[in-house]
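The structure appears below as structure tokens.
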Amino acid sequence: MFESLSENLQATFKELRGQGRLTEDNIKDALRQVRRALLEADVALDVVRDFIDRVKERALGEQVRTSLTPGQEFISIVREELITELGGASQGLELRAQPPAVILMAGLQGSGKTTSTGKLARYLLEQKKRVLVVSCDVYRPAAIDQLKTVAEAVSADFHPSSPLQSPAQIADAALAVARKELYDVLIVDTAGRQTVDEKMMQEIKGLHDFLKPAETLFVIDSMTGQDAAKTAAAFGDALALTGVVLTKVDGDARGGAALSVRKVTGKPIKFLGVGEKLEALEVFHPERLASRILGMGDVLSLIEEAEKKIDRQKAEKLAQKFKKGKGFDLEDYRDQLAQMVNMGGLGAMLDKLPGMSQIPAQVKNQINDKEITRAIAIINSMTLQERRFPDVIKASRKKRIAAGSGTQVPDVNRLLKQHMQMQKMMKRMRKGGMANMMRGMQG
Ligand code: GDP
């Protein structure tokens, strides 16, 4: 997401880079490009207009700090305004109500409500909450089954419902169970239609009045572009929303929805859905997204993710090895590859690194997750000695390793080459530290 937006903005800033100072003239030019970039990213027109006015006002009124070039000053203004526009600080769920705290999920059909219900249940279970989920979608029998499957996948308790009941009856029964069995949170999935319609709004309003939810989350598909603003407005008018879950951010949406939805509803985006898998949920951080939009990369998210997932013991062992000046052997490489898989695959990681938005998608796709799995299989087919001292791997060993891992000799060669490159990078890292490597990546 946001790739074209960040690319466009970076092009603008490159043009500004050569300029000695900010003049009305070059601001006008830069603003026009930011405007075009936002429109191309499918941000609603009103939202763009407003945003440009604010940036313009600030840029013209502000002294360029001596420490910055005019281009940097401009970027920093755009960044700050983007953060404001996206809601300022990150806001989590407010579940302080007397338990069970109810989370009501609202949104159109296909927006990702059921999937997000599962993701949220998983997220709350991780925080040691007792979670019950229920579906009030009595129009599509498959919807109830779908939630059941999702709940099982994340080990959340599921309250069975039936298309023969009314949504109100289901809500009533589920709430009674949640109270009686002392659940912390009850997540209520609701029916969506393909477009906003009166009956759907009345029904969910009724559920809202009855359930008095602590959180009413509006789920919206980020790929809906311009329509996102309209749909958000309709839901925002009908319901007292408390937050937004923006889904399918991993798709090729151009990112305008985040800005539009926030502006139109006035409610914070609380979570991003970043994939079909049930762990693909991220807490939304406006400042990180603003940086991502500007192409500075989402290093903070990446680090947080890494801290969560990386096997500390192994990481420490590796760090120790580095300190002692020891090499990076194929065992270490395999650990690293396995950790990449853990962190949602290479693609997910790459997207968060600075400057990566400038790498064409084709190139990124070449380094795909299949490749990682294959590399791990190849290393697994080696003897311990081969992993420690890859230099011993000559033609006949390569043949054996390829056969053992169901690959071809060229695959083995490629892996060995990648490992060598990695080794070189690690050496550079040891000399210059992480910052140096990052700088190298930004190019
Ligand atoms: P609902 O009708 O609102 O309940 O929507 P669903 O939860 O059934 O989701 C509709 C489709 O979108 C399903 O195929 C989901 O797998 C997919 N989906 C939901 N959230 C995401 C997401 O964050 N990323 C991607 N790529 N797909 C998603």
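Taking K and R as +1 and D and E as -1, what net charge do the other residues with C-beta under 14 Å from the C-beta of Gly404 add up to?
Once all neighbours under 14 Å are counted, the net charge is +4.
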> Do any of Lys56/Lys267; Lys113/Lys370; Lys56/Lys205; Lys56/Lys270; Lys370/Lys398; Lys28/Lys113 go past 32 Å between their Cα atoms, and which?
Replying inline: Lys56/Lys205; Lys28/Lys113
> Any idea how far apart Leu384 and Leu45 come out in nm if each label point goes 7 Å out from Cα toward Cβ?
Replying inline: 7.1
>> Give me, ordered by chain and number, the residues 5 or more places off Val133 or on other chains with an amide H under 5 Å from its own placed amide H.
In response: Asp157, Phe158, His159, Ile187
> Which value does Rg/Rh take for region 101-293 over its C-alpha atoms, Rh per Kirkwood?
Replying inline: 0.94
> In whole Å, what is the distance between the alpha-carbon centres of region 389-409 and region 186-238?
Replying inline: 57
> Near the amide H of Arg193, under 5 Å away, which other amide H atoms are found, from residues 5 or more places off or on another chain, if H is placed in the peptide plane?
Replying inline: Gln109
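Can you put Leu289, Leu175 in order, fewest other beta carbons within 10 Å first?
On the way: Leu289 27, Leu175 21.
With the fewest neighbours first, Leu289, Leu175 line up as Leu175, Leu289.
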> Once fully extended, how much extra length lies between Ala233 and Val341, figured as 0.36 nm per residue of separation less the alpha-carbon to alpha-carbon distance?
Replying inline: 35.0 nm
> By per-residue mean of other Cβ atoms within 10 Å, what is the highest-first order of 414-421, 328-335, 29-36?
Replying inline: 328-335, 29-36, 414-421
>> Give me, ordered by chain and number, the residues 5 or more places off Asp250 or on other chains with an amide H under 5 Å from its own placed amide H.
In response: Gly275
> Once phi is turned into θ = phi - 60°, what whole-Hz ³J(HN,Hα) does the Karplus curve with 6.51, -1.76 and 1.60 give for every residue of region 167-172, x standing for Gly and Pro?
Replying inline: x, 5, 4, 4, 4, 4
>> Through the Karplus equation 6.51 cos²θ - 1.76 cosθ + 1.60, θ set to phi - 60°, convert the phi angles of region 277-291 into ³J(HN,Hα) values in whole Hz; use x for Gly and Pro.
In response: 5, 6, 8, 7, 10, 10, 5, 7, 10, x, 5, 6, 5, 4, 5
> Listed highest first by mean packing, meaning other Cβ atoms within 10 Å per residue, what order do 139-145, 115-121 come in?
Replying inline: 115-121, 139-145
> What spacing in nm lies between the two simple spin-label points modelled at Glu371 and Gln165, each 7 Å away from Cα in the Cβ direction?
Replying inline: 5.0
>> Please list, in order, the residues from region 259-280 whose amide nitrogen is less than 12 Å from a point placed 7 Å along the Cα→Cβ vector of Gln127.
In response: 271
> Using the per-residue mean of other Cβ atoms lying within 10 Å as a proxy for protection, in what order, highest first, do the peptides 256-266, 178-188, 230-240 fall?
Replying inline: 256-266, 178-188, 230-240
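Coordinate-derived values only; no laboratory data. These numbers come from a predicted model, not from an experiment. No Cβ is skipped: glycine too gets one built from the backbone with ideal geometry, and neighbour counts run over all protein chains shown.
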